[in-house]
Amino acid sequence: MFYRRLRKVFFKPTLSLLPIALLSSAFLVNVAAAATLGSAAAARGRTFGGAVAAGHLTEAQYAATLDAEFSGVTPENEMKWDATEPSRGTFSFGSADIIVNHAQSHNMKIRGHTLVWHSQLAGWVNNITSGSDLLAAMRNHIAGVMGHFRGRITYWDVVNEAFNDDGTRRVDAFQRLIGNAYIEDAFRAARAADPNAKLCYNDFNSEGTNAKSNAIFAMVQDFKARGVPIDCVGFQSHFIVGQLPSTLQANLQRFANLGVDVNITELDVRMPTPATAANLARQATDFATVVRACLAVSRCTSITTWGITDKFSWVPSTFPGQGAALLFDANYARKPAYTSTLQALGG
Ligand code: XIL
């Protein structure tokens with residue numbers, strides 16, 4: 001019946017091809033749905049994010065790559081203390097808002113980064129001389145920044161990089177003036193400021209099992225035992241090609257077993273520049289290893305690369321002579337690591 005009616009509308013040769021055309025276009029749509037990092041990650045229940053700088057969003061290729069491939073964003077610098085509260089009690093959210101609005105209009109998850117950190121701290125904070133005054137300033141900062149974005153942030157990096165590699169506390173202004181308890185105080189203030197955001201502790205060189213991750217583990221265990229609010233641990237994952245910690249997956253799993261989500265928050269894999277084909281191939285293996293480790297841990301809910309393109313990566317200026325650390329090269333071409341990442345995600 002259906003075909004007989006169609007025959008009146010279409011020429012016969014078209015008609016005989018029609019079912020095939022319909023089938024193959026449906027097939028293409030399915031393939032396309034899993035052919036980006038974001039959609040492949042979504043099929044595994046994960047978010048694939050990228051660190052974004054507000055100033056680059058006006059570059060068409062930057063925005064197009066972000067929008068096509070990524071399902072999450074982390075503002076690279078725009079939510080840090082020096083950007084959001086440059087002078088005491090005066091908040092500024094202009095560039096952070098640009099990123100948040102962009103992300104929301106493209107249905108991307110947003111990771112807030114970061115509230116309490118020794119670096120990129122507004123100068124006035126370091127001039128505070130008493131613990132009670134610094135505590136008041138820290139609580140007010142958390143309330144002001146989280147309050148502004150309340151309800152829009154999935155994960156917040158509440159405290160960043162509070163430990164040294166040997167597992168001792170980093171002696172920054174917060175540690176010096178407030179003492180050990182500043183971290184739990186920050187998490188309590190964060191819970192009050194945005195009860196729906198997941199609250200994370202974030203650090204680097206803690207991806208494998210070592211003195212630093214042991215210290216973070218002990219802190220999370222203690223927080224859980226005493227009811228201090230903490231929901232997740234971020235592992236920055238700024239790696240060197242060929243040097244991933246062999247205990248990555250086991251380490252993610254032991255944290256997940258404490259009842260927190262774990263996130264790969266700032267992934268990049270740097271190498272000497274100019275990049276060689278051999279290092280790009282090794283990098284592809286490394287990215288896939290990280291993705292597989294995350295997928296093997298059910299509470300590993302997101303992977304974020306620290307940037308979109310090698311063109312704007314923080315690596316060359318921070319580690320002179322190194323770079324090529326991301327999935328898209330400086331011309332936005334997909335690198336071998338892009339393909340291996342997508343494949344590891346199952347795309
Ligand atoms: C970096 C940014 O990428 C740079 O643009 C900025 O100049 C310095 O900070 N760990 C973190 C990130 O938690 O905030 C850092 O980002 C990289 C290391």
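The values are calculated or read from the model by the stated rules, or taken from the named source; none is laboratory data. Nothing here was measured: the structure is a model prediction, and the numbers come from that model. Reconstructed Cβ throughout: ideal geometry from the backbone, glycine too, with neighbour counts over all protein chains shown. Note: accessible area is taken over every heavy atom of the protein model, side chains too, but ligands, DNA and RNA are not part of it. Shrake-Rupley method; radii C 1.70, N 1.55, O 1.52, S 1.80 Å.
Where helices (runs of 4 or more DSSP H) fall wholly inside the stretch 233-347, the ranges with 2 or more residues that are without any contact (Cβ under 8 Å) to a residue 24 or more places away in the chain are 277-295, 315-318.
Residue count for the stretch 44-58 under the criterion of being touching a residue at least 60 places away in the same chain (Cβ under 8 Å), open to solvent by less than 30 Å² (accessible area, probe 1.4 Å) and over 15 Å from residue 341 (Cα atoms): the result is 3. Does residue 186 meet the test of being within 16 Å of the ligand (Cβ to nearest atom), surrounded by 19 or more Cβ atoms within 10 Å (Cβ to Cβ), in contact (Cβ under 8 Å) with a residue 12 or more places away in the chain and not in a strand (DSSP E or B)? So residue 186 fits the description; yes.
When each of 171, 228, 220 is tested for being β-branched (Val, Ile, Thr), part of a helix (DSSP H, G or I) and away from the ligand (no atom under 16 Å from the Cβ), the lone residue that passes is 220. Selection of the stretch 142-168 for residues being more than 16 Å from the ligand (Cβ to nearest atom), in a helix (DSSP H, G or I) and open to solvent by less than 10 Å² (accessible area, probe 1.4 Å) yields 142, 146. Taking the criterion of being under 22 Å from residue 293 (Cβ atoms) and surrounded by 17 or more Cβ atoms within 10 Å (Cβ to Cβ), the residues of the stretch 220-233 that qualify are 220, 230, 231, 232, 233. Within the stretch 170-181, restricting attention to residues that are surrounded by fewer than 17 Cβ atoms within 10 Å (Cβ to Cβ) and touching a residue at least 40 places away in the same chain (Cβ under 8 Å), which residue is nearest to the chain's Cα centre (by Cα)? Once the filter is applied, the top-ranked residue is 170. Among the residues of the stretch 100-121 satisfying the criterion of being among the hydrophobic types (A, V, I, L, M, F, W, C) and within 22 Å of residue 204 (Cβ to Cβ), which is nearest to the ligand (Cβ to nearest atom)? Within the stretch 100-121, the match that is nearest to the ligand (Cβ to nearest atom) is 117. The set of residues in the stretch 81-115 being in a strand (DSSP E or B) and open to solvent by less than 50 Å² (accessible area, probe 1.4 Å) consists of 110, 111, 112, 113, 114, 115.
If the condition is being away from the ligand (no atom under 16 Å from the Cβ), open to solvent by 10 Å² or more (accessible area, probe 1.4 Å), in a loop (DSSP other than H, G, I, E, B) and over 18 Å from residue 256 (Cβ atoms), then the stretch 196-217 contributes only 196. Considering only residues in the stretch 122-132 that are hydrophobic (A, V, I, L, M, F, W, C) and not in a loop (DSSP other than H, G, I, E, B), the one that is farthest from the ligand (Cβ to nearest atom) turns out to be 124. Annotation for the stretch 133-140: at least one member residue is crowded, with 22+ Cβ neighbours inside 10 Å and either closer than 16 Å to residue 174 by Cα or within 16 Å of the ligand (Cβ to nearest atom) (or both).
Which residues, counting only those in the stretch 41-67, are under 15 Å from residue 305 (Cα atoms) and either within 16 Å of the ligand (Cβ to nearest atom) or assigned to a helix (DSSP H, G or I) (or both)?
41, 49, 50, 51, 52, 53, 62, 65, 66, 67, listed by residue number.
Considered as a group, the residues in the stretch 114-166 that are more than 12 Å from residue 189 (Cα to Cα) and among the charged types (D, E, K, R) include one that is nearest to the chain's Cα centre (by Cα), and that residue is 157.
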